[in-house]
Each structure stands twice: as C-alpha cells, then as structure tokens.
Amino acid sequence: MRTAIAVLTPLILMLGVLGGIGSFTTIRDMAEPWFGELAWIVPVGMDVGIFLLLAWDLLMEHLALPWPVLRWVAWTFIAGTVTVNVLAAAGDAAGIVMHAAMPVLFITVVEGVRHLIRQWVGLATGTRIERIPVARWLLAPLSTALLWRRMVLWHITTYRRALELEYRHLLAVSHLQRRYGRWAWRWHAPLADRIALRRLPAEMARPNASSSPCSCGLETAGPPEQAVGRPASSAEELLKATCRILLDAERQGVRLSQAGLGRRLRTMGFSIANDRLAALREEAHRRMRSGWNNMQDDHETRTGSEG
C-alpha cells in the first residue's frame, strides 16, 4: 500500500499540474479584458482551488467524515475551466476533445482514489457490509435475498455474523411453529415473543453480542428460543453492554478510559450521562467478578462430586 501511494501520488499531481498548465494561457488570455496584468490570478486561483477542494475531500473520506459539497464545488470549477477552453477552441472538434480530455482524466483518477479510500476506511472501521457469495445467490436466491435484507436493514457488516443471525432466527421461529402451529404462530404467539423475534437482529448487530460465559450472566448455552423473548430492563441492558465492552477491552489488552467507555456505549445506541459512567463501570466490574467467582464455585462443586 505504501509503495502504491508513493508511486501514484506524484503521477496524480503531475497529471493535475499538466492539466493546469495546458489551460493556463487560454484562461489568462480570456481574463485579460477584466483583470489586465493580473489576469494570471484567475487560472492559478482556479487550479489551486480545485487541488485544495479535492485534497480536502479525500482527507474527509479518510477520516470517515465525507462532505460531498467539496467534491461538487471542485467539479464546478473543473467544468468552468473546460467550458472556457471549449469556447476558446472556436467550435473546432479536435480542440474541444483535447481541452476536455485532461480534466476528465484527472476527475476519473481522483474519483478512483476516493473510492479506494472509502472502501479501505469501511474495512478498517467495520462499517462496510461484506458481499454475499455469488454461489449462494445461485443456489438459494430467495433465502439469500432475505439474508441480504437483514444485513442492510440492521447494518450487519460480516457475512458470518449474518449467517449466525439467520440460524438463531430459524431456531426461534421453529420453536414458535412447534408450539403454536406452522402458520398460526404469527397470530397466536404472545406479542412479547414476536417482538423479541424482531429484536434478535439488533442484538446480533452489536459487536461481541455473544461473549464468554462470565459476561454479566448472558446465557450463551441452551436453545436460542429461551433467550428470545427474555424481558430485560434498559438498565440491565446497559449494564450487560458495559460488561461486554470491558471484557472485549481486557481481551485486547486495552486500558479503556471512562470517556472511551461512554463513546462506545453511545455508539451502541445507549444514552448515558458522563457522571453515571464511574458508578456504571464499578457495577460492571462487580458483576464480572461475581460471575467469575460463581463459575469457579460451580467448577469446584463439580470436581468434588466427581471425586
């Protein structure tokens, strides 16, 4: 990647400079009736403005903060430059093509770089949705379309997580069908069970939704239908999410600050004041220690019974 950037960057800059030099004289001559000796300011200002806007746009894409206005204004300046050069060609087809070729080529190259940055940032931040293999579309088009719909609606970025969601969803539906009937479950199943079935994608869309057995008492063993429909208060959900974040940070060897914890919780959709973070973190640590001690007690009990 670094080698490609080192090679391509000078070439892209050279292409832009050559395009600016090619249109410099034409724009300067057309600006002389209004600007006189300062006519050179017009082509230089337009070329520098185009470079600045496009570079700023690429930087914003790299920071995952895109603002399309920058690119649109740059395109407008490029279109104005091309228009001036086309008018200077006096209707000659060859002159029009030669004047328009360089700006079009420059825009194409810059848009290619922008697309590459957008894809790279999406992979790095986990916001890019993976593509479903073509073979699955051919072998099971209907179920694949439903799977793709869930990935888009609930922003499930990884294909493996989407498959896990689909498996849990099918198990939960089969449980309701076995209890209430193949089709009747849609009307006779309790409202809480049907709402929990809809909440399942949201739970799976959260990172590290299925954590270790000591993550705040989240049941990972047992049939999924027992987890679906389990009532939980918002405070309990907030505490469980805090435990998941802290456990993930411990596994990665990262010392998570209080501000970092607040940012991750708000990214997951929770709303919490900063003055509550310290108490919430302490309660999560207490719950995690309690869960780990319970696991050790259960292990010693099983060991003693086997002995």
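The values are calculated or read from the model by the stated rules, or taken from the named source; none is laboratory data. Bear in mind that the values here come from a model prediction, so they are computed numbers and not experimental data. Note that we place each Cβ from the backbone using ideal geometry, even for glycine, and neighbour counts take in every protein chain shown. Only protein heavy atoms, including side chains, enter the accessible area calculation; ligands, DNA and RNA are left aside. Shrake-Rupley method; radii C 1.70, N 1.55, O 1.52, S 1.80 Å.
Would you check which residues across the range 57-79 are at pLDDT below 90, assigned to a helix (DSSP H, G or I) and open to solvent by 30 Å² or more (accessible area, probe 1.4 Å) and list them?
Selection gives Leu58, Leu59, Met60, His62, Pro68, Trp75, Phe77, Ala79.
Conditions tested, residue by residue: (1) open to solvent by 90 Å² or more (accessible area, probe 1.4 Å); (2) touching a Leu at 6+ places or on another chain (Cβ under 9 Å); (3) more than 15 Å from Gly80 (Cβ to Cβ).
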position	(1), (2), (3)
Ala4	no, no, yes
Pro10	no, no, yes
Gly20	no, no, no
Arg28	no, no, no
Pro33	yes, no, yes
Gly36	no, no, yes
Trp40	yes, no, yes
Gly45	no, no, no
Ile50	no, no, no
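Of all residues in the range 1-18, how many are of a type outside the set (A, V, I, L, M, F, W, C) and farther than 19 Å from Leu53 by Cβ?
Of the residues in that region, 3 qualify.
Restricting attention to the range 80-93, report how many residues are modelled with pLDDT of 80 or more and open to solvent by 60 Å² or more (accessible area, probe 1.4 Å).
Counting residues in the range 80-93 that are modelled with pLDDT of 80 or more and open to solvent by 60 Å² or more (accessible area, probe 1.4 Å) gives 3.
Taking the range 234-263, which residues are open to solvent by 30 Å² or more (accessible area, probe 1.4 Å) and either touching a residue at least 40 places away in the same chain (Cβ under 8 Å) or in contact with an Asp or Glu (Cβ under 9 Å, 6 or more places away or on another chain) (or both)?
Matches in the range 234-263: Val254 only.
Exactly one of (1) modelled with pLDDT under 75; (2) within 25 Å of Thr157 (Cβ to Cβ); (3) small (Gly, Ala, Ser); (4) buried (at least 18 other Cβ atoms within 10 Å of the Cβ) is unmet by Gly229. Its number?
Of everything listed in (1) modelled with pLDDT under 75; (2) within 25 Å of Thr157 (Cβ to Cβ); (3) small (Gly, Ala, Ser); (4) buried (at least 18 other Cβ atoms within 10 Å of the Cβ), Gly229 misses just condition (2).
Given Met14, Met98, Met46, which one is more than 28 Å from Arg128 (Cβ to Cβ), in a helix (DSSP H, G or I) and at pLDDT below 80?
None of the others qualify; the one that does is Met98.
Within the range 160-194, how many residues are surrounded by fewer than 17 Cβ atoms within 10 Å (Cβ to Cβ) and either of a type in the set (Ser, Thr, Tyr) or not in a helix (DSSP H, G or I) (or both)?
Of the residues in that region, 8 qualify.
Taking only the range 128-149 into account, find how many residues are open to solvent by less than 50 Å² (accessible area, probe 1.4 Å) and assigned to a helix (DSSP H, G or I).
Result for the range 128-149: 4.
So the check is Cβ under 7 Å with 6+ separation or different chains; which pairs have a first residue in the range 150-170 that's in contact (Cβ under 8 Å) with a residue 40 or more places away in the chain and among the aromatic types (Phe, Trp, Tyr) and a second one that's open to solvent by less than 50 Å² (accessible area, probe 1.4 Å) and part of a helix (DSSP H, G or I)?
Pairs found: Trp154/Pro201; Trp154/Ala202; Trp154/Ala205.
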